[in-house]
Amino acid sequence: MRPLLLGEAEVPNVLDIFWSLSTDRGRSSVPILGFLIEGGKDGPVVVDCGMRDPRRAIEVHRLGPHSCTPEQSLAAQLGNYGVRPEQVTTLILTHLHYDHAGNCAQLPNARIIVQRSELMAAAAPMGPPALAIGGKSLFYDRADVAELVDPLWDRLELIEGDVALFPGIDCVLYANSHTPGHQCVYVKTEIGTAAIVGDIARKVDLNVTQGVLPAIYYDLEAMRRALADIGRRAGRVLPTHDWDTLKQATIG
Ligand SMILES: [Zn+2]
């Protein structure tokens, strides 16, 4: 499994801890990651594909600075491992937030796997327009949703619940965790099971080992159960926005 560095974002540190129960008012630069899974007979699989445009993070979602260098484009990151975008057969989306689902069209031959409940939530988000951060779309990008429901519709596969997608690659739904239809991807590797957890965990030690839940969730109890289950199942937990994931994911 290979990590893909698809951009960077400056975010408040309080995102790491639920109810903002933190005295840390600082900000950090975090990675926006995707993953490439090779070796299966069904061709290269990508999990999450980064953001459509860093400017939209600021203008639409009212967030802090975001960036994506040419070297961090999806095509360039796949190219680091000798894979061309048209060779990717499957794109799995952990959830549909702007920083995970913005570049689906760049993989022209991939079937796109997403939980049906997640598409429903993304199409009709519950963001009050007055929100200073997130706004009406609540971190879902209307352009991403529009693309999925029309030009990419024939390649979209809406799944419901847990699905064994390929030998050694399982999608597991954690409803109402970070988002209503957020799924994790469990990957069997030579050194045990790795969990691509999207944004259910932000920091492994804090959120999984210590059990301090991160800030963004729909149901706090569901989030707690999700993190406990991830901790039980996976030897390696790979959050999207943790620099440690870059080091861990290259092994095995
Ligand atoms: Zn994210």
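The values are calculated or read from the model by the stated rules, or taken from the named source; none is laboratory data. Everything numeric here is computed off the predicted structure, so don't read it as measured data. Quick reminder, even Gly has a Cβ in these numbers, built from the backbone with ideal geometry, and neighbours come from all protein chains shown. These area figures cover heavy atoms from the full protein model, side chains too; ligands, DNA and RNA do not enter into them. Shrake-Rupley method; radii C 1.70, N 1.55, O 1.52, S 1.80 Å.
For first residues located in the range 87-115 and aromatic (Phe, Trp, Tyr), partners that are within 16 Å of the ligand (Cβ to nearest atom) and part of a strand (DSSP E or B) and lie 6+ apart or on another chain with Cβ distances below 9 Å form the pairs Tyr98/Tyr140.
Checking each residue in the range 58-90 for being within 24 Å of Asp150 (Cα to Cα) and in contact with a helix residue (DSSP H, G or I) (Cβ under 6 Å, 6 or more places away or on another chain) picks out Leu74, Ala75, Pro85.
Residues are listed down the side, and each one gets a yes or a no for (1) open to solvent by less than 20 Å² (accessible area, probe 1.4 Å); (2) closer than 30 Å to Ala164 by Cβ; (3) touching a Ser or Thr at 6+ places or on another chain (Cβ under 8 Å):
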site	(1), (2), (3)
Gly39	no, yes, no
Pro44	no, yes, yes
Arg52	no, no, no
Arg55	no, no, no
Val60	no, no, yes
Leu63	no, no, no
Ser67	no, no, no
Glu71	no, no, no
Asn80	no, yes, no
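If you go through the range 84-117 and keep only what is more than 14 Å from the ligand (Cβ to nearest atom), open to solvent by 10 Å² or more (accessible area, probe 1.4 Å) and touching an Asp or Glu at 6+ places or on another chain (Cβ under 8 Å), you end up with Thr89, Ala105, Pro108, Asn109, Arg111, Arg116, Ser117.
Quickly run through the range 189-204 and pick out the residues that are at pLDDT 95 or above and away from the ligand (no atom under 16 Å from the Cβ). Thr193, Ala194, listed by residue number. Would you call Leu78 modelled with pLDDT of 95 or more, within 16 Å of the ligand (Cβ to nearest atom) and farther than 26 Å from Ala175 by Cβ? No; evaluated as a whole, the condition is false for this residue. When Gly168, Gly198 are screened for being within 30 Å of Gly39 (Cβ to Cβ), in contact (Cβ under 8 Å) with a residue 40 or more places away in the chain and open to solvent by less than 10 Å² (accessible area, probe 1.4 Å), only Gly198 passes. Of all residues in the range 19-37, those being open to solvent by 30 Å² or more (accessible area, probe 1.4 Å) and within 16 Å of the ligand (Cβ to nearest atom) number 3.
State whether one or more residues within the range 220-239 are open to solvent by less than 30 Å² (accessible area, probe 1.4 Å) and within 14 Å of the ligand (Cβ to nearest atom). Yes, the conditions are met somewhere in the range 220-239. I'd like to check something: does the range 122-129 contain any residue that is over 16 Å from the mean Cα position of the chain (by Cα), crowded, with 18+ Cβ neighbours inside 10 Å, within 16 Å of the ligand (Cβ to nearest atom) and over 22 Å from Leu4 (Cβ atoms)? Looking through the range 122-129, at least one residue is over 16 Å from the mean Cα position of the chain (by Cα), crowded, with 18+ Cβ neighbours inside 10 Å, within 16 Å of the ligand (Cβ to nearest atom) and over 22 Å from Leu4 (Cβ atoms).
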